[in-house]
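Asks: This is the structure I have questions about; it appears just below.
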Amino acid sequence: MAEKLDLTTIKGVGERMAQKIILKLGGEEELVKVIENYEVDRLASIEGISQRKAIEIVNGLLGNPAQKFLKTDRSRQLYEEIIEKIMEYAHTSHARNKILLLAPTTHRELIQKRLDLVNKSRKMVSTLPLEKVTGLLKNLHFPKTSKPLYDPSKAILVENQEDMDYLMEIGINQYYPVISNVESREIQQYETVFYLYSSGEIELDDAGNVIMISLQADMAEIIPDVELNYFKDNEDIFRQVLELRGILKKESVLGEVMEILSTLQGLESREIDFDKVVKKARVEADGVLKESIKKVDLKGDEVLHLLNQGLPPKIEKIFDQVIRKARDQIKIETGVEFDPFFPTYPLEIDQQEVERIKKREISRYQIEAFDKKVKAAGQLSLLKEKVEKEISEALEFDYEFALGCFAHFYQLEVPEIGDEFSLEGALHLNLAQEEDVQRIDYHLSYPENVALLTGANSGGKTTLLETLAQISIMTQMGLPVCAKNARVKILDEIYFFSKKRSLDAGAFESFLHTFMPIVIKDSEKLILLDELEAITELEAAVKIISSFIEFIQNSNSFAVIVTHMARELMKHSTVRVDGIEASGLDDDYNLIVDRTPRINYMARSTPELILRMIYNRSQGDLKEVYRKMLEKF
């Protein structure tokens, strides 16, 4: 491929969009790599480029090879059917996009490179636990970056407007409010304040909810959740790829990623409900106090002490013991030691003390959690490039896996590139997975590069043409083919003209304008004609097709013509005639046919056998009609 690619040649891609694409990819050399490797996903990840447009760009810059090779509607349909069969084994958009771009080519090195890849993949597939691998490939995609979540409970503190403008420019305000020149009590309104200092000039009065970070720190040190959310959001994908690489016996950094993420488990859910714990402890303590005080026997002087000076020593001791036990229980449940009760009955909660502890612990926990997040984000950011490389390799594996499964389940074999078409044990793809299907042999070589194909209706003549077309198309796509052995010539174009009904004068003229220029094109072609005698009256059709035969015989092209007028054509040209002949009907009234054509043999069309088959499968009045027809044979 030429080093210089002009994106503006693609419809809908202007100069500005072209520059944006090159900039986002990292230069023109990267664009060349993207096109050569069919990296549609990289193009589609650029804002303003849809999946469809990305495919169009890659295909356009490759020169639309499929359009150059496939010259008729039927040849294009056969190509699309091949693509659809491969797509059944793809699980990711990456693989599907690459398969859609898998087009025939005339470049032998590229064909051989693809053949080697598919053959290697086929052998690999035969050794894998297919159900397990298929499950791991489902829903696999390149890691996605979640949108920023705005958290107004935290804030970024800066020293001046210049620093604020800088942070706004890099988009930090998408995550937290950015504040400056605030008083200490305003800072206390936030759970956590990140003081991004440049000189450290702001007095914070030992605020417990402030984390100091240098303004020059990396994003992962300022807002570690940006990096962490990327890994958390894509954790399922990472687990899939880790398991897949284990099956493929490949090393992975994703195990290390999972270990780092495990250190963060519970950070989000560790917030303690102090109010609930304190209220529960009070209820239990009140119950103990009530029962304990009932058992106290007070003397007269102790009652006077209670009336004049407060709690007597016996009662005071009970309160001390019960409150101490309640504090111990609170410490067990919260990890914090504090006294939230006034010694009254029932116990009264010191709400101010509870709020103080809550605020202090939240700040302490936020700082502790932040430190863990910063550490984890730093570790993960160092692994990110390797992680994304492993994901890309997994997506590429799905493409190779799809090709390998296609070749494996259709029992495809690598063709030999040669100067002829020689097929041994060939099958149409639609029959390849059926049992007890006859494989066929057929060949075309110089000087017999044109053949007439004769024989019974429903005998397989059209199927043979389609099999030839499939093998030619698949070979030039770089795919193994559905034949035990195949030698295939690399050609410039393939034409497949299907059966047509009689044409009126205008349509006949249009057909000639399309059909006849083919013979004078300076290109090597495979031309397949399926019963075109209906294009006009018989005599004219014979003259047109016989002229066509002579032109193709004197070229480097090949042609197979299915016809029922071989005798008439042989009067006007010397051409090889091959035949597929039915020898009778089996016990189920199916045609007994040797699907492999006999070379240099004119087969009968055997309408009588087909009529007898239909007769035996009919009922009632219709059967009687067919019986009377058979009497005339």
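Asks: Out of the residues in segment 23-53 that are farther than 22 Å from LEU110 by Cβ and aliphatic (A, V, I, L, M), state the one that is surrounded by the fewest Cβ atoms within 10 Å (Cβ to Cβ).
Replies: First, the residues of segment 23-53 that are farther than 22 Å from LEU110 by Cβ: 23-27, 44-53.
Still in the running and aliphatic (A, V, I, L, M): 23, 25, 44, 46, 49.
On the way: LEU23: 10, LEU25: 19, ALA44: 19, ILE46: 15, ILE49: 20.
Here the answer is LEU23.
Asks: If I filter segment 195-207 down to residues being part of a loop (DSSP other than H, G, I, E, B) and surrounded by 15 or more Cβ atoms within 10 Å (Cβ to Cβ), which single residue comes out as modelled with the highest pLDDT?
Replies: Taking segment 195-207 and keeping what is part of a loop (DSSP other than H, G, I, E, B), we get 198-207.
Among the residues that remain, those that are also surrounded by 15 or more Cβ atoms within 10 Å (Cβ to Cβ) are: 202, 204, 207.
Values: ILE202: 79, LEU204: 72, ALA207: 70.
So, considering only residues that are part of a loop (DSSP other than H, G, I, E, B) and surrounded by 15 or more Cβ atoms within 10 Å (Cβ to Cβ), the one modelled with the highest pLDDT is ILE202.
Asks: Looking only at segment 530-570, count every residue that is in a loop (DSSP other than H, G, I, E, B) and not acidic (Asp, Glu) and tell me the total. Steps first, please.
Replies: Taking segment 530-570 and keeping what is in a loop (DSSP other than H, G, I, E, B), we get 531, 536-537, 554-557, 563-565.
Those still in the list that are not acidic (Asp, Glu) too: 536, 554-557, 563-565.
Here the count works out to 8.
Asks: Also: Please state which one of VAL374, VAL387, VAL354 is open to solvent by 20 Å² or more (accessible area, probe 1.4 Å) and either at pLDDT 95 or above or farther than 30 Å from PRO597 by Cα (or both). Spell out the reasoning first.
Replies: Numbers: VAL387 fails: open to solvent by 20 Å² or more (accessible area, probe 1.4 Å); VAL354 fails: open to solvent by 20 Å² or more (accessible area, probe 1.4 Å).
It is VAL374.
Asks: Sort through LYS20, LYS11 and tell me the only one that's open to solvent by 90 Å² or more (accessible area, probe 1.4 Å), out of contact with any strand residue (DSSP E or B) (no Cβ under 6 Å at 6 or more places or on another chain) and of a type in the set (Lys, Arg). Don't jump to the end; show me each part of the working.
Replies: Details: LYS20 fails: open to solvent by 90 Å² or more (accessible area, probe 1.4 Å).
Answer to the check: LYS11.
Asks: Continuing with this model, one more query. Any idea how many residues of segment 571-590 are out of contact with any Asp or Glu (no Cβ under 8 Å at 6 or more places or on another chain), modelled with pLDDT under 90 and either part of a helix (DSSP H, G or I) or buried (at least 20 other Cβ atoms within 10 Å of the Cβ) (or both)?
Replies: Going through segment 571-590 one residue at a time, the tally reaches 2.
Asks: For LYS373, work out the one condition from (1) of a type in the set (D, E, K, R); (2) in contact with a Pro (Cβ under 6 Å, 6 or more places away or on another chain); (3) over 30 Å from GLU256 (Cα atoms) it doesn't fulfil.
Replies: (3)
Asks: State the number of residues belonging to segment 291-311 that are closer than 16 Å to PHE342 by Cα and at pLDDT 65 or above. Spell out how you get there, then give the answer.
Replies: Keep residues of segment 291-311 that are closer than 16 Å to PHE342 by Cα, which gives 310-311.
Narrowing further to those that are at pLDDT 65 or above: none.
Total meeting the criteria: 0.
Residue-wise test of (1) free of Cβ contacts under 8 Å to residues at least 12 places away in the same chain; (2) under 17 Å from LYS280 (Cβ atoms); (3) assigned to a helix (DSSP H, G or I); (4) in contact with a His (Cβ under 8 Å, 6 or more places away or on another chain).
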{"residue": "ILE315", "(1), (2), (3), (4)": "no, no, yes, no"}
{"residue": "PHE319", "(1), (2), (3), (4)": "no, no, yes, no"}
{"residue": "LYS325", "(1), (2), (3), (4)": "no, yes, yes, no"}
{"residue": "ASP328", "(1), (2), (3), (4)": "yes, yes, yes, no"}
{"residue": "PRO346", "(1), (2), (3), (4)": "no, yes, no, no"}
{"residue": "ARG356", "(1), (2), (3), (4)": "yes, no, yes, no"}
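Asks: Under the condition of being hydrophobic (A, V, I, L, M, F, W, C) and not in a helix (DSSP H, G or I), which residue from segment 56-81 is nearest to ALA469 (Cα to Cα)?
Replies: Keep residues of segment 56-81 that are hydrophobic (A, V, I, L, M, F, W, C), which gives 57-58, 61-62, 66, 69-70, 78.
With the extra rule that they be not in a helix (DSSP H, G or I), the set shrinks to 62, 70.
Numbers: LEU62: 23, LEU70: 10 Å.
So the residue we want is LEU70.
Asks: Which residue out of GLU424, GLU493 is touching an Asp or Glu at 6+ places or on another chain (Cβ under 6 Å) and acidic (Asp, Glu)? Write out each step before concluding.
Replies: Details: GLU493 fails: touching an Asp or Glu at 6+ places or on another chain (Cβ under 6 Å).
Selected residue: GLU424, the only one of GLU424, GLU493 that is touching an Asp or Glu at 6+ places or on another chain (Cβ under 6 Å) and acidic (Asp, Glu).
Asks: Cβ-Cβ distance below 6 Å, separation of 6 or more or different chains: which pairs start in segment 65-78 with a residue that is within 9 Å of TYR495 (Cα to Cα) and end on one that is of a type outside the set (Gly, Ala, Ser) and open to solvent by 20 Å² or more (accessible area, probe 1.4 Å)?
Replies: Final answer for the pair search is LEU70/ARG76; LEU70/TYR79.
Asks: Just one of the numbered conditions (1) of a type in the set (Gly, Ala, Ser); (2) over 27 Å from LYS144 (Cβ atoms); (3) crowded, with 17+ Cβ neighbours inside 10 Å is not true of GLY63; which one?
Replies: That leaves (3) as the condition not met.
Asks: Now, a different point. Any residue that is open to solvent by 10 Å² or more (accessible area, probe 1.4 Å) and not basic (Lys, Arg) - is there at least one of those in segment 467-483? Before you say what the answer is, go through the steps one by one.
Replies: Applying the first criterion (open to solvent by 10 Å² or more (accessible area, probe 1.4 Å)) to segment 467-483 yields none.
No, every residue in segment 467-483 fails to be open to solvent by 10 Å² or more (accessible area, probe 1.4 Å) and not basic (Lys, Arg).
Asks: Would you confirm whether or not segment 392-407 contains a residue that is in a strand (DSSP E or B), among the aromatic types (Phe, Trp, Tyr), open to solvent by less than 10 Å² (accessible area, probe 1.4 Å) and touching a residue at least 12 places away in the same chain (Cβ under 8 Å)?
Replies: Within segment 392-407, the subset in a strand (DSSP E or B) is none.
No, because not a single residue in segment 392-407 is in a strand (DSSP E or B), among the aromatic types (Phe, Trp, Tyr), open to solvent by less than 10 Å² (accessible area, probe 1.4 Å) and touching a residue at least 12 places away in the same chain (Cβ under 8 Å).
Asks: Still on this structure, I have one more. If you take just the helices (runs of 4 or more DSSP H) that sit entirely in segment 127-194, which of them hold at least 2 residues that are touching a Lys or Arg at 6+ places or on another chain (Cβ under 9 Å), at pLDDT below 90 and open to solvent by less than 60 Å² (accessible area, probe 1.4 Å)? Show your work before the answer.
Replies: Numbers: elements: 130-137, 161-169, 184-187.
Passing ranges: none, list empty.
Asks: State all residues of segment 101-112 that are more than 23 Å from the chain's Cα centre (by Cα) and either of a type outside the set (Val, Ile, Thr) or buried (at least 20 other Cβ atoms within 10 Å of the Cβ) (or both); if no residue qualifies, say none. Full working, then the answer.
Replies: From segment 101-112, those more than 23 Å from the chain's Cα centre (by Cα) are 105-112; that's our starting set.
Result: THR105, HIS107, ARG108, GLU109, LEU110, ILE111, GLN112.
Asks: Moving to a separate point now. So which of LYS249, LYS276 ends up being loosely packed, with under 12 Cβ neighbours inside 10 Å, part of a helix (DSSP H, G or I) and at pLDDT 85 or above? Spell out how you get there, then give the answer.
Replies: Working: LYS249 fails: part of a helix (DSSP H, G or I).
Criteria check complete, one pass: LYS276.
The values are calculated or read from the model by the stated rules, or taken from the named source; none is laboratory data. This is a predicted model, so every value here is computed, not measured. As a convention, Cβ positions derive from the backbone with ideal geometry for all residues, glycine included, and neighbour counts pool all protein chains shown. Side chains are part of the model used for accessible areas, which takes the heavy atoms of the whole protein and leaves out ligands, DNA and RNA. Shrake-Rupley method; radii C 1.70, N 1.55, O 1.52, S 1.80 Å.
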